[in-house]
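K.L.:
Attaching a single structure in structure tokens format; questions to follow.
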Amino acid sequence: MRIVSIVGARPQFVKAAVVCRAIDRRHRVEHQIIHTGQHYDAAMSDVFFDELKIPVPDHHLGIGSATHAVQTAKMMKCLEPVLETLHPDWVLLYGDTNSTLAGAVVSSKLGLRTAHVEAGLRSFNRSMPEEINRIVADHLSDLLLAPTALALTNLTREGLGARCVVTGDVMLDANIIWRRAAESQVGEFARQWVPKQFALATVHRAENTDNFERLQPIMRSLERIASSVCPVVFPVHPRTRKQLASIGWTPNTVTAIDPISYLEMLLLENRARFILTDSGGVQKEAYFAQVPCITLRDETEWEETLANGCNVLTGADEEAIIAAVERVHAAGPWSDFYGDGTAGDNIIRALHDR
Ligand code: UD1
């Protein structure tokens, strides 16, 4: 069986790393990786390949950043000839980025069998580019590899249930595989936080970074937390850094740092008192670590995390964020909605069975 994975952005490298490990354990599975180049800075791409020992991509399209249409169109144009020469049995897509969207359109139009890892997620907010990408990828894919029972319910509602297999969540596999390495291998910066009581924050969603009415109250709340509750460690995505520069924000009490690696992030997530984020992946990683999460969005596609106050939606409302911080001690208990850490194997089995 020949599988081709299409990746391009940070969270996809982690998901593909789990699939690579599952493939390594099998004979007679050939795997090729196409990197679209959506993320290109070393800290956004190379570090993940090095740390998680992901094979060097067989094809690198070098697309880079652009508007959604231009970026997706360039990816499609470059993907078509590559996929035509590879003749894969399966094209594997991950998550909800523009690389997922481009892969879904090209692969399905070439008549290649296409499978979508992390299928069935819905925020029901179509102003999110990721929601559009998920819907298109799910509707075009032949096999929908859903992380949870709720994802299957969403797909069934859209008439896609028959194409779906619930596999568990590859991000949980990653968490289990690399948790110990995170404790032992990361450098001094992340390690210095381990004994401290600190909060971890990430902000990168366009709906927050590109709307100053939202970005400003979020940043004010982070500064208030850092000055009156506990230190706040804030790895800053390049998109966010640019927007913060345009509103003239410079850190006062917040510890703003460059993007960090997966293992560093895992360590900080596991040791944080609480996490503030607008990332889907980080919400789940907080859940796996049983660390209370405050989500700086109005809705989430990971609805299970909201049970028992484990994750609280505050949007960008400064007072709601501060009120949520005051209640983090009441979060829990956490459940096991995301499988048992065998999603990678379940995915390869599902591809093989079909
Ligand atoms: C993308 C995904 C998002 C995912 C995120 C993970 C889409 C629509 N969004 O968002 O779902 O959660 O990746 O990080 O695909 N930039 C750099 N260096 C890089 C990459 C980006 O400086 O290596 C800057 C550029 O200014 C770029 C901006 O970040 O324009 C946004 O990058 P882009 O890939 O368009 O989207 P993300 O915000 O990273």
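K.L.:
Student exercise: in the chain, how many lysine pairs 8 or more apart or on different chains have Cα atoms under 18 Å apart?
P.N.:
Taking the chain as the scope, the lysine pair count is 4.
K.L.:
Can you classify segment 1-53 as rounded, prolate or oblate using the Cα gyration tensor, where a ≥ b ≥ c are the square roots of its eigenvalues, rounded means a/c under 1.5, and otherwise it's prolate if a/b beats b/c and oblate if not?
P.N.:
prolate
K.L.:
Sticking with this structure for a sec: In percent, what relative contact order does segment 215-354 have, based on Cα pairs under 8 Å that are 6 or more apart in sequence? Walk me through the numbers before you get to the answer.
P.N.:
Numbers: 170 pairs, mean separation 26.7, N = 140.
Reported as a whole number, the value is 19 percent.
K.L.:
While we're looking at this one, here's another question. Apply the a/c threshold of 1.5 to the C-alpha gyration tensor of segment 138-240 and tell me whether it is rounded, prolate or oblate.
P.N.:
oblate
K.L.:
Right, next: Given +1 on the Cβ of Lys and Arg, -1 on the Cβ of Asp and Glu, and no further charges, what dipole in debye does the chain carry about its Cα centre, rounded to the nearest 20?
P.N.:
Numbers: 35 positive and 43 negative charges, 76 e Å.
For this selection, approximately 360 debye.
K.L.:
Would you please state the base-10 log of I(q)/I(0) at q = 0.12, 0.24 1/Å for segment 261-354, with intensities from the Debye formula using one equal scatterer on every alpha carbon?
P.N.:
For segment 261-354, the Cα-only Debye profile gives -0.42, -1.22.
K.L.:
Okay, moving on. Could you bin all the Cα-Cα distances of segment 67-134 into 5 Å bins starting at 0 and give me the percent of pairs in each, rounded to whole numbers?
P.N.:
The calculated distribution, bin by bin, is 3, 18, 28, 24, 17, 8, 2, 0.
K.L.:
Could you tell me how many degrees, from 0 to 90 and to the nearest 10, lie between the Cα long axis of helix 10-24 and the main elongation axis, the longest principal axis, of the Cα atoms of the chain?
P.N.:
The helix 10-24 is inclined about 50 degrees to the chain.
K.L.:
Defining a contact as two alpha carbons under 8 Å apart and six or more residues distant in sequence, what relative contact order in percent does the chain show? Please list the in-between numbers first.
P.N.:
Numbers: 681 pairs, mean separation 57.2, N = 354.
Worked out over the chain, it gives 16 percent.
K.L.:
Still on this structure: If you take the C-alpha gyration tensor of segment 187-253, multiply each eigenvalue by 5 and take the square root, what semi-axes do you get, largest first, in whole Å?
P.N.:
23, 14, 10
K.L.:
Still on this structure, I have one more. If I stretch the segment between LYS109 and ILE132 completely, what's the gain in nm (0.36 nm per residue apart, minus their alpha carbon distance), one decimal?
P.N.:
Extra length available between LYS109 and ILE132 comes to 6.5 nm.
K.L.:
Using per-residue counts of other Cβ atoms within 10 Å, averaged over each peptide, order 200-211, 58-69 from highest down.
P.N.:
Details: 200-211: 20.4, 58-69: 14.5.
The peptides rank, most packed first, as 200-211, 58-69.
K.L.:
Ranked from highest to lowest mean number of other Cβ atoms within 10 Å per residue, what is the order of the peptides 135-144, 172-181, 274-283? Mind dumping the intermediate values first?
P.N.:
Details: 135-144: 20.9, 172-181: 18.8, 274-283: 23.2.
Answer by packing, highest mean first, reads 274-283, 135-144, 172-181.
K.L.:
If you count, for each residue, the other Cβ atoms within 10 Å and average over each peptide, how do 260-270, 43-53 line up from highest to lowest? Working shown, then result.
P.N.:
Numbers: 260-270: 22.4, 43-53: 17.3.
Packing proxy ranking, top to bottom: 260-270, 43-53.
K.L.:
What percentage of all Cα-Cα pairs in the chain are separated by more than 40 Å?
P.N.:
9
K.L.:
If you don't mind, another one. Points 7 angstrom from Cα along the Cβ direction at HIS352 and ALA206: gap in nanometres?
P.N.:
That separation, rounded to one decimal, is 3.9 nm.
K.L.:
Once the dipole of segment 1-138 is set up with Lys and Arg at +1 and Asp and Glu at -1 on Cβ about the Cα centre, which of GLY103, MET44, LEU121 lies farthest towards its positive end?
P.N.:
Most positive-ward Cα: LEU121.
Throughout, read-outs are computed from the coordinates displayed, never taken from laboratory work. These numbers were taken from a predicted model, which means no experiment stands behind them. All Cβ positions, even for glycine, are placed from backbone atoms using ideal geometry, and neighbour counts span all protein chains on display.
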